[in-house]
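Please treat every number below as a calculation from the coordinates, not as lab data. Since we're looking at a predicted model, the values are computed, not measured. Every residue, glycine among them, receives a Cβ derived from its backbone with ideal geometry; neighbour counts consider all protein chains shown.
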Amino acid sequence: MRIVVKVGTSTLAHPTGRLNIRRVEALVKVLSDLKNAGSQLVLVSSGAIGMGVGKLNLPGRPADMPTKQAAAAVGQCELMYTYDKLFAGYNHTVAQLLLTAEDVNFPQRRQNFENAVHRLLELNALPIVNENDAVATDEVGVSTTIGENDTLSAIVARCVGADLLILLSDIDGLYTADPRKDGGAKLIPEVREITPELRALAGSPGSALGTGGMATKLNAAEIAMACGCDMVIANGQRPELLYDVAEGKHTGTRFIGRRDRI
Ligand code: GLU
């Protein structure tokens, strides 16, 4: 089973921007165990900018592009240092792949990326992917960014032919309403089609259903489902949920990939 797991900054870091050590240690332990059990894993990890903010003691998430780039450059090192150290404790070798939109939009460059990931998987390494935020900038007219890692992780899942994409979020899954505001909100366990009604439910990024940014998650689901890959949104506060998700047990919200595409 080939699984792409995406973790967001809210899972990895405290609001201070400093590493959530307990959380990351638990996550690395479960991922190592899944790998030991025979799954092929690719990790798409955010956290570069957030951790750079912490390491540089910046007052908050930078608004200007050069400071964001600087924070990403510092934080990406910190992120990989942490993963390398923790995964090495379980005898796993990590590899860093940093992408811009151009790397996945141009067929030849995408092929290069796919070749690298496939070879890394053959070598039993764990590819860890992020957007190259130190150089991918979003100026008017010359955008080279994908912009967020929900979409990036779905693109990666498509490139590597994943069976399953798991988005670890700060929310249990997709709800019928915002669970933070509406006590009657119900978790939607399974989605077979992204309907306009679902889109309306998700709202705009970071709004209706909270910081999880459901709109980008639905975009990711659409990309994954179209290439026959299931996608699950699960709560990253409990990394051990990954065991259940990998076994196909009901956890969070599962988007069913189109079987005619397999
Ligand atoms: N690439 C960004 C980072 O590492 C995160 C983007 C996202 O959270 O979606 O900080």
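What is the sum of charges, Lys and Arg at +1 and Asp and Glu at -1, for the other residues whose Cβ falls under 11 Å from the Cβ of residue 48?
-1
Per 10 Å bin, what percent of the C-alpha pairs of region 1-72 does each bin hold, from zero upward?
So the P(r) values, bin by bin, are 20, 41, 26, 12, 1.
Explain nothing, just compute: Karplus ³J(HN,Hα) = 6.51 cos²θ - 1.76 cosθ + 1.60, θ = phi - 60°, for every residue of region 151-167 in order, whole Hz, x for Gly and Pro.
Taking θ as phi minus 60°, the curve returns 5, 4, 5, 5, 5, 5, 4, 5, 4, 8, x, 5, 7, 8, 10, 10, 9 Hz for region 151-167.
Could you tell me what a quarter of the Cα convex hull surface of region 146-208 works out to, in nm² with one decimal place?
Dividing the Cα hull surface by four gives the mean projection, 5.2 nm².
Amide H of residue 20 versus every other amide H placed in the peptide plane: which residues, excluding those fewer than 5 positions away on the same chain, fall under 5 Å?
Amide H neighbours of residue 20: 13, 14.
Give me 259, 23 sorted ascending by neighbouring Cβ count inside 10 Å, so fewest comes first.
Ascending Cβ contact count within 10 Å gives the list 259, 23.
Collect residues whose amide H, placed 1.01 Å from N in the peptide plane, falls under 5 Å from the amide H of residue 171; neighbours closer than 5 in sequence don't count.
236
Quick check: the distance between the Cα centres of region 189-203 and region 112-170, to the nearest angstrom?
Taking the Cα centre of each part, region 189-203 and region 112-170 sit 24 Å apart.
Sum -39500 (n - 2.57) across every DSSP H segment of at least 4 residues in the chain, then divide by the residue count to get the 222 nm mean residue ellipticity, nearest 500.
For the chain, the value works out to -13000 deg cm²/dmol.
Could you go through region 11-17 in sequence order and give the Karplus-derived ³J(HN,Hα) for each residue, using 6.51 cos²θ - 1.76 cosθ + 1.60 with θ = phi - 60°, rounded to whole Hz, and x for Gly and Pro?
Karplus values, whole Hz, x for Gly and Pro: 7, 8, 10, 6, x, 6, x.
Which residue, chosen from 36, 82, 52, occupies the Cα position most advanced towards the positive end of the dipole of the chain, where the dipole is computed from +1 (Lys, Arg) and -1 (Asp, Glu) charges on Cβ about the Cα centre?
Value: 36.
Determine the relative contact order of the chain: mean sequence separation of Cα pairs under 8 Å and six or more apart, normalised by residue count, in whole percent. Write out the running numbers ahead of the final one.
On the way: 520 pairs, mean separation 53.2, N = 262.
Normalised by residue count, the contact order of the chain is 20 percent.
Give the separation of the Cα centroids, region 41-93 to region 221-262, in Å.
Distance between centres, Cα-based: 26 Å.
Give the Rg/Rh ratio for region 67-118, taking Rg as the radius of gyration of the Cα atoms and Rh as the Kirkwood radius, to two decimals.
Over the Cα atoms of region 67-118, Rg/Rh equals 1.08.
Over region 119-170, how many percent of alpha carbon pairs lie in each 10 Å bin up to the one with the longest distance?
Values per bin, smallest distances first: 20, 44, 29, 7, 0.
Under the Karplus relation 6.51 cos²θ - 1.76 cosθ + 1.60, θ = phi - 60°, what is the ordered set of whole-Hz ³J(HN,Hα) values for region 58-65, x standing for Gly and Pro?
Rounded to whole hertz, the list is 6, x, x, 4, x, 8, 8, 4.
Magnitude of the Cβ-charge dipole of the chain, K/R +1 and D/E -1, about the Cα centre, nearest 20 debye?
360
Starting with the fewest neighbours, write out 28, 104, 5, 135 ranked by other beta-carbon atoms found within 10 Å of each beta-carbon.
135, 104, 28, 5
With a bin width of 5 angstrom, please list the P(r) values of the chain as percents of all Cα-Cα pairs, from the 0 bin to the one holding the largest distance.
Taking all Cα pairs of the chain, the binned fractions are 1, 6, 13, 18, 20, 18, 14, 7, 2, 0, 0 percent.
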